[in-house]
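Enquirer: Before we start, here is the structure in question, set down as structure tokens.
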């Protein structure tokens, strides 16, 4: 049984996998360069590093045996390249200025759990689940999200995971949910529907969110209000 937990701060992502008896804390952090002078300099390739600080412990050994440093580094690099394609960001100038992405494996105290948001418990393929979560978290690193609501931000990250074919079996089916901005899998399914109406919709929406957010973006990109699109989406799946 694995409980995945994460906290998203301005420039740091925390991802924790905590088996009942083999505690394992995966921390994914990104160093984002914000200085204007730095943004004007040609950005070198992103550096991906993964450090296991708990080798020789049950949790550290489980990480080594089931996931591994090399696989994690490759996944972060592959996820980033995938996200650039999803967001239609072929050039470095189109993306956030991220110099490095670092992932640490370390122990965690039960007291620290109060600092984190607990995600759904997952008891299936640990490696596949962690891979999907890394895609989700990497999307947070690269997405633009100025003034957007949390549900949409999380929905876009899960849309990336969905497009990468790492959606877990416990996700809701298309058409489920109470609100379009309910977040996570609900919003990801809705965005997938919107993207089917206009290929590249999510990329265009993300680009607009670089400077701010408005529900009117849906009208500008798809010709309908987000509420009308949600109604159309729900009508497409009346059985849900």
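The values are calculated or read from the model by the stated rules, or taken from the named source; none is laboratory data. Computed from a prediction, not measured in an experiment: that's the story for all the values here. Because the Cβ atoms are built from the backbone with ideal geometry, glycine has one as well, and the counts that use them run over all protein chains shown.
Enquirer: Restricting attention to the stretch 117-132, which residues are modelled with pLDDT of 55 or more, touching a strand residue (DSSP E or B) at 6+ places or on another chain (Cβ under 8 Å) and under 19 Å from residue 72 (Cβ atoms)? Before the answer, list the steps.
Expert: Residues of the stretch 117-132 modelled with pLDDT of 55 or more: 123-132.
Adding the requirement that they be touching a strand residue (DSSP E or B) at 6+ places or on another chain (Cβ under 8 Å) leaves 123, 126, 129-130.
126, 129, 130, listed by residue number.
Enquirer: Okay, next question. Taking the condition of being within 14 Å of residue 152 (Cα to Cα) and over 21 Å from the mean Cα position of the chain (by Cα), how many residues in the stretch 179-213 meet it?
Expert: So the answer is 0.
Enquirer: Can I ask one more? Is one or more of the residues making up the stretch 178-193 at pLDDT below 95 and surrounded by 14 or more Cβ atoms within 10 Å (Cβ to Cβ)? Can you show your working first?
Expert: So in the stretch 178-193, the residues at pLDDT below 95 come out as none.
Within the stretch 178-193 (the criterion being at pLDDT below 95 and surrounded by 14 or more Cβ atoms within 10 Å (Cβ to Cβ)), the answer is no, since none of the residues qualifies.
Enquirer: Are any of the residues in the stretch 221-233 touching a residue at least 24 places away in the same chain (Cβ under 8 Å), under 23 Å from residue 135 (Cβ atoms) and not assigned by TED's automatic domain parsing to the domain that holds residue 78?
Expert: No, there is no match, as no residue in the stretch 221-233 is touching a residue at least 24 places away in the same chain (Cβ under 8 Å), under 23 Å from residue 135 (Cβ atoms) and not assigned by TED's automatic domain parsing to the domain that holds residue 78.
Enquirer: Of the residues 160, 186, 172, 202, only one is in a helix (DSSP H, G or I), in contact with a helix residue (DSSP H, G or I) (Cβ under 8 Å, 6 or more places away or on another chain), farther than 15 Å from residue 82 by Cβ and not assigned by TED's automatic domain parsing to the domain that holds residue 87; which?
Expert: Among 160, 186, 172, 202, only 186 is in a helix (DSSP H, G or I), in contact with a helix residue (DSSP H, G or I) (Cβ under 8 Å, 6 or more places away or on another chain), farther than 15 Å from residue 82 by Cβ and not assigned by TED's automatic domain parsing to the domain that holds residue 87.
Enquirer: Go through the stretch 151-161 and report how many residues are surrounded by fewer than 20 Cβ atoms within 10 Å (Cβ to Cβ) and closer than 21 Å to residue 79 by Cβ.
Expert: Qualifying residue count for the region: 0.
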